Structures are given as C-alpha cells and as structure tokens.
1. Go through the range 324-362 residue by residue and tally those that are part of a loop (DSSP other than H, G, I, E, B) and either closer than 30 Å to A191 by Cβ or modelled with pLDDT under 90 (or both).
2. Pairs only if they're at least six apart or on different chains, beta carbon under 7 angstrom, first in the range 509-529 and open to solvent by 40 Å² or more (accessible area, probe 1.4 Å), second among the polar types (S, T, N, Q) and modelled with pLDDT of 85 or more; list them, first residue then second.
3. With the condition kept exactly as written, say whether any residue in the range 56-79 is assigned to a loop (DSSP other than H, G, I, E, B), buried (at least 17 other Cβ atoms within 10 Å of the Cβ) and modelled with pLDDT of 90 or more.
4. Among the listed residues R27, R89, R108, which satisfies the condition of being open to solvent by 30 Å² or more (accessible area, probe 1.4 Å), of a type outside the set (G, A, S) and over 23 Å from L194 (Cα atoms)?
5. Residues V283, V274: which one is at pLDDT 90 or above, in a loop (DSSP other than H, G, I, E, B) and over 30 Å from R62 (Cβ atoms)?
6. For the range 1-26, what are the residues that are farther than 17 Å from A208 by Cβ, in contact (Cβ under 8 Å) with a residue 60 or more places away in the chain and assigned to a loop (DSSP other than H, G, I, E, B)?
7. Any residue that is farther than 18 Å from G510 by Cα, among the charged types (D, E, K, R) and under 22 Å from the mean Cα position of the chain (by Cα) - is there at least one of those in the range 382-389?
8. Considering only residues that are within 12 Å of F24 (Cβ to Cβ) and open to solvent by 10 Å² or more (accessible area, probe 1.4 Å), look in the range 164-209 and name the one that is modelled with the lowest pLDDT.
Amino acid sequence: MIQAIGLTSASRRGRPPAVDDLSFEARPGHVTVLLGAPGSGKSAALRLMLQLSPGQGVALFRGRPMARVPHPAREVGTLLGDVPGHPRRTALGHLRMLSAAAGVPVERAEEMLEEVGLSGLADQRLGTLSRGMERRLGLAVALLGDPHTLVLDEPSLGLGARETAWLLELLRGYAGRGGTVLVTARDAEEAAGLADRVVSLSAGRLVADQTGEDFARTRLRPRVAVRTPHAERLAAALAGEFRSSVVAEGEPSVEVVRESGNRLSVYGSSCSVVGEVAFRHRVLVHQLADEVGESNDRSALGPLARADGRAPAGVGAPDAPRPRGSAVRPALPVLPPSGPSWPLRYEVRRWVGVPTGWWVMAAALFAGLVAALALAATGARPAERVLAGWAEPLPLPPVALAAGLLGALSFGHEFRYPALAPARVTVPRRLSLLAGKLAVSAAAALTLCVGTLTINSAVLTALFADGRRISGAWDVTLAGTVLLAVGCAWAGLLAAGIFRSTLVGLAAVGAVPLALAPALRAALGGGAERSLDGLPGRLHALTTLPLPSGVDRLLFAPAELATQPIGWALALSLAVLTCGYALVSLRNSPR
C-alpha cells in the first residue's frame, strides 16, 4: 500500500511548487492512476514519493518511507522515463547485472524476459531497441526483484495500440496477484480502461479522487455544464421535467448531478433543452455549455484520519471494491536477502557486459609489447622498464595507464548510464558498491600486469636468445608494476566517483606523474630523495623473520616504489581522493 501525505515540492525562484499539498492512497490489488495534462505535477509527485527530489510531506510504502526500505529494488519497482542502461549492453546482460544488485538468482533475468515477451531478443543491444521493446525491458527491470509495488511514469507514452493493450493487461494481472500499481497518464480514456482508482491533478494540486466507475461516469460522458445561483431549484425542475417526459428506446437516460457550489452537470440532454427548462421555471443561468468532463470535476474527499498514514486504533483496513479481473489474491513470493557479495557480482557483470574494458586491455598489452621490443632492441636499462614496456617518454607504463582508464570507466559509466538509480538521478555512493569496484578494478590491474610481463618476457626470450636484454628481477618487477597499476586504477576510480566523469578520473591518473610528482620533488628537494635511497636494504636488515627465498623481495617491492617520486605522489593522491570521496558521500547521504 502507498500513502502519500502532504507532498509539496520545493519552489524555485519564487515560482509555485510543482506539487502542492498532495495526499492520496494506492491500495494493494488495485491499479491507481495519477491523471493530468503535461505539467500538472504527475512526474514531480512520483519523484517526491521516491525521495528523488527535495520537498515536504511523506510517502509511505507499506508504512515506511523510501529511505527506510532495506531493499528498494525488492519492494518497489520503478520505471521513470527511459531505461538507463549502456547502449552496447545486451538486454539479457542488463538484467543479469541488475539481478546481482537486487540479490535475486541470475535465472530471474531469463524469466523476466519471457514474461515481458523479449526472450527472443535477449542478445539485442539496448541502443537498438524500439520504443515498445524498451518499455517492455523497463517493465522487466521493475519486476526483477518481485516487488510488492510498481511505480511507473507514463509507461504507455509513445506506444502503439497493441503494445498499450499488452501493457494494460500485464498491469491488471500484477494487481490481480495482490500487487500495488501506481501509474501516471495523460489520457482520460486510457485511465478509465485501466484504473480501479483515478487521482486527477491540476497545477500540482489534487482535483478529484474517484473510483474508476465514477471517473468514467463524470469524465467520459458528454454533458451540459450549467452554472446558476439557484442550482437546487434548477436541479429539481430538471428532475421533474425529465421524470414526466418519456425517453425513446435506445436513447440514453437523462441524469442530473449536483456538483460543488453553483454547478450542475446534466448527462443525456442538450443545451437547448436545459435552457428551455430554465426559462420556463424563471431560473437565472450564468453558464450553459456542452462539454466532456475535464479535470475540474471535484468529488467529495474523505477526511484524513491520521497524519502518519496509520489506521486509527481499533479500526481495521477499510473495505475496498475488488479490482476488475481479480479473483483470489495470493501473496507475492518472498525472496531471500541479497547478501554481502552483491556489489562484487554486480560489478563483475557490469564490467564484462560491455566490450570497452576488453578493448582497453588488449590495447594496453599490445602497446606494452611494442614498447618492450623497442627498449630491448636499443639495449635500454633497467630491465624492469623493459619487462613492463615503460618507455622513457611515457609518464606511466601502458598497463598503469590502462588500469587508470578502467578504474575511471567503472564510475564514469555508472554515472553516465545509472542503472542503479531511477530517472538518471545521482548514483548512490554506497560503501559496499565502492568496495566492489575497488576489488574488481584491482583484479583487472593485476590481470593486466601478469599478462603484460608474461607476454613480454616470452617474446623477448624468443627474439633475444642470449637473454642479456631482459636480465633483472622479474618478481620485483611484477610486484612493483602491480602496485603502480592498482594505485592508478584506484585513483581513476575515486576521482570519477567524486566528479562523476570518466575524463576527470583519467586526468587525475595523468596528474600523478606529470604534475604531482615533479611538485613534490621540487618541494622536498634532493634531501628527502637521498634519505630514501637504500630503504629496501635497510628494512631487510632490520627484519629478523626467516622468509622463504624470493618472498622477501616481493614484500619489499613497496619500499622500492616508495623511493621514487611517483610512489610518493600516488600515495598522496590516493589519500586526498579517499578523503574527498568520503566527504562527498556524507554530504549526499539522505537525512
């Protein structure tokens, strides 16, 4: 059940709020439609309910505001606008990625594609889907977590007649199973054909809250609108006239409805007949016009018993008419909790579902091999640079640059195609999501380093049989390269997470060797650099632990990196970016 109480959006620059003191209910097993013309506040009301926009009031989903719902995707399915997914991701890959975030089995993705009729297009990329296909995929995303509530913003907008009929049938079936459906619409006939209850809005305010039957009676039938200061006299006169007259077979019966104030609505008659009756009974008329019911129809609204949405003490839930087409309402299935591993599974599926990362890794391996061959052919030293393909003009080895780009893309794509956030709002900077991205980006950097050093070593050994050009500490080279690549990946990831941009994340990686390292070298002078010379050897002399052969060299690889200005700059950059990410997360956290 949804209870919206006093929703009021924040006004900007002295303009009236888009939503003004809106209160209504959407009951389980029913389809509730927010109806209004474009600009009436329908979409703004949904954003307020989902706490995507600032404002006042509260919306309760089964008694809890959205910020206190522990698993939003499992309880409230939303579709606000287009499906926010990467255009090169497949429909099945998109649903599998989101199934990890929702904590549902991966098989649920295939089930949802089958339910919305897209199983034959599972490998279709999102960028190639038509309007109708995209709407079907959006509904599959909304239904993925088996939620008890659906909140959809004009789901039939732009659809053909057959797609609209399919959509209405799906929503009726969902409500018939006990779910709560809240949709917005701008077409009165569509609302009458779908809704069990229609909430009409105009200029952000509630105008009418009617059952589907009352709405169809007052909004879709042609009528004569009458305004008169003697509405009661005219209503009695019209009722007497039409009771005394005989209605021909096949003609609609005449009905007189007393609206609020001095307004009457006469159904089944004409302006000329109503005007003649008013003239004969000497009733003054201010308005007499043919019309089809508009949003200024106002029905009596019941009192709000409590301001917190709870039922009064000792009073059960009010009886409500059974929605059309529903017989028995079985409870929706309850799925197990998502568990702590969902960010890792989500990030892995997000990463592998788009070919961009694979192309970046392939380009880094190729660039590293070319640079290694060029260095070996010229007899360059030290050997660590040869194995890593770190040519002197490059500020970083290709693997580190590629790792930084992959880290920046991790959050850059998240903000550009915010699959975890409806309506393209700010992606939640959860600590669990950050941990998953850090782990996957570190694994990608490690894979790049191992692949680069393995390929370069094998090719150089095959081309230079004497081995003179690749002699050196292979294990220390691997450890140092891994540390550098992982640090660059994390720097790009954190910067992109703070500034919501892949380009800024990549710039933060390039700033480490190009700007920060020279600045630190100039600020500290040569004394600090000389004091770090021989640091690995001094640390090795201090340790008394018996380490296996080769392990001590790997353990002191960070000390080797710390003796270089690039190591100081990278450590400082990571510290600053971590603090900045924490501050931005705290500032944007819900209060």
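1. First, pick out the residues of the range 324-362 that are part of a loop (DSSP other than H, G, I, E, B): 324-341, 353-355.
Next, only the ones that are either closer than 30 Å to A191 by Cβ or modelled with pLDDT under 90 (or both) stay: 324-341.
Qualifying residue count, the range 324-362: 18.
2. L516/S573
3. Within the range 56-79, none of the residues are assigned to a loop (DSSP other than H, G, I, E, B), buried (at least 17 other Cβ atoms within 10 Å of the Cβ) and modelled with pLDDT of 90 or more.
4. Values: R27 fails: over 23 Å from L194 (Cα atoms); R89 fails: open to solvent by 30 Å² or more (accessible area, probe 1.4 Å).
The match here is R108.
5. On the way: V274 fails: in a loop (DSSP other than H, G, I, E, B).
Answer to the selection: V283.
6. Correct list: M1, P16, P17, A18.
7. no
8. Residues of the range 164-209 within 12 Å of F24 (Cβ to Cβ): 182, 197-201, 205-209.
Restricting the remaining residues to those that are open to solvent by 10 Å² or more (accessible area, probe 1.4 Å) gives 197, 205-207, 209.
Working: R197: 93, R205: 91, L206: 91, V207: 87, D209: 90.
Out of the qualifying residues, it is V207.
The values are calculated or read from the model by the stated rules, or taken from the named source; none is laboratory data. What you are looking at is a predicted structure, and each value in this text was computed from that prediction instead of being measured. Positions of Cβ are backbone-derived with ideal geometry, glycine not excepted, and every protein chain shown enters the neighbour counts. To get the accessible areas, we keep the full protein, side chains included, count just its heavy atoms, and leave off ligands, DNA and RNA. Shrake-Rupley method; radii C 1.70, N 1.55, O 1.52, S 1.80 Å.
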